[in-house]
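I have placed the structure first, in the form of structure tokens, so that the comments after it can refer back to it.
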Amino acid sequence: MSLAAFSTPRFRAEVLATTLLALPIIGGQLLSVAMNVADTLLAGHLSTRVLAAVAMGYQIWILALLAVLGLMLALTPTVAQLDGAGRRAESGAVFRQALWLAVALGGVLFVGIRLSHPLLVLFRVDPEIVAPAAAFLDAISWGTFPLALFFACRYFSEGLSLTRPAMYFGVLGLVALVPLAWALMYGRLGLPPLGARGAGIAHALVLWLQAIAFLVYIGRRRWYRAAQPFARFDWPDPVALGTFLRIGVPIGIAILMEGGLFVATALLAGSISTQSAAAHQIAINVASIAFMVPLGIGMATTVRIGNAVGRSDAEGVALAARAGIVLTL
């Protein structure tokens, strides 16, 4: 391939389109990480033990988050292809099936997280932080359902090239989380001090707020009307869900394998000492912030490629791929 392929007007237009699509996604991703950073700051100022407990509990939670992210990510290219083919009205039915999958996935992960305490023992996490970490997990487990619903809403929206709403609700989540977590963890505003459990409760409540707000937003905003997301009630369709899972399961496994490496490293840090677990949580927050930028570009590239596939535009697929690579580099 000659360098001239990277300097054509159409390629420059593709780079611009991908950039404009990616910026709100990156913003949403950074705001999501910011919620974890806020938990870390609040816990760190409370005590090293609470910070370490939140850090260890959060590692188990990340496994659930990655599972949801991977499976629901199949929604973006599916919707993007329908949108690119001029069949936006059909994407509403896909979204409704994704909501059923989100409910089922939320139930599985709820049970999984509440039974995950032995993982902390298996990795020989410092006994001093096992109990508060388990309390954090029990509290945040109530957030599995809204987490899955939020991702369904987000990836449906991004598949339609509407990337700003996820950023808006990221801001909402951060603004709501900080005072709520502060009050619950520190025992302010007449509430008892709950430490790590308070962080889990705050996170779960904010996830419910984000999910409900996003669902209402999709139902009321005119930008989604052509997709007809709530035009009718659909029961689960085994064929549609099977197709969805054939795309989502490989993505989910790949993301779990990649993210699981970081989770295992964090749990091993917790086996050294409370201080090591706390220090690792601070360091990994910095790495996570950097990671969100190429991840956001990758998600935007997925949408652009999906649109091109829907148009049966082979050249557009290649251009979108090249633009994503160049922006990431």
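The values are calculated or read from the model by the stated rules, or taken from the named source; none is laboratory data. A quick note: this is a predicted structure, and the numbers were derived from the prediction, not measured. Here the Cβ is made from the backbone with ideal geometry for all residues, glycine too, and neighbour counts use every protein chain on show. Protein only, heavy atoms only, side chains kept; ligands, DNA and RNA dropped before computing areas. Shrake-Rupley method; radii C 1.70, N 1.55, O 1.52, S 1.80 Å.
Some notes on this structure:
- Taking every protein chain into account, the 1.4 Å probe leaves residue 123 with about 60 Å² of accessible area, to the nearest ten.
- Rough spin-label spacing in nm, given labels placed 7 Å along Cα→Cβ, for residue 314 and residue 128: 6.4 nm
- In the chain, the longest principal axis of the Cα atoms and the axis of helix 238-272 are about 40 degrees apart.
- The angle between the Cα long axis of helix 164-186 and the longest principal axis of the Cα atoms of the chain comes to about 0 degrees, rounded to the nearest 10.
- Tensor-based shape of the chain (alpha-carbon gyration tensor, a/c under 1.5 rounded, otherwise prolate or oblate): prolate
- Taking a ≥ b ≥ c as the square roots of the Cα gyration tensor eigenvalues, segment 187-329 comes out oblate, since a/c reaches at least 1.5 and a/b does not exceed b/c.
- Full extension of the chain between residue 264 and residue 20 yields a length gain of 84.3 nm, computed as 0.36 nm times the residue separation minus the alpha carbon distance.
- Per-residue ellipticity at 222 nm from helix content only, as computed over the chain with -39500 (n - 2.57) for each DSSP H run of at least four residues, stands at -28500 deg cm²/dmol.
- Cα shape, segment 1-124, gyration tensor, a/c 1.5 rule: oblate
- Full extension of the chain segment joining residue 275 with residue 186 gains 30.0 nm, where the gain is 0.36 nm per residue of separation less the Cα-Cα distance.
- Net length gained if the chain between residue 114 and residue 223 were fully extended (0.36 nm per residue, minus Cα distance): 35.4 nm
- The modelled label-to-label distance between residue 247 and residue 13, using points 7 Å beyond Cα along the C-beta direction, is 2.6 nm.
- Centroid-to-centroid, using Cα positions, segment 256-312 and segment 129-187 are 16 Å apart.
- The accessible-area ordering, largest first, of the residues 8, 40 stands as 8, 40, per a 1.4 angstrom probe.
- Placing a pseudo-label 7 Å from each Cα along the Cα-to-Cβ vector at residue 121 and residue 45 gives an inter-label distance of 3.6 nm.
- Using a probe of 1.4 Å, the accessible surface attributed to residue 203 totals some 10 Å² when neighbouring protein chains are kept in position.
- Ranking 161, 116 by solvent-accessible area of protein heavy atoms (1.4 Å probe, all protein chains present), from largest to smallest, gives 161, 116.
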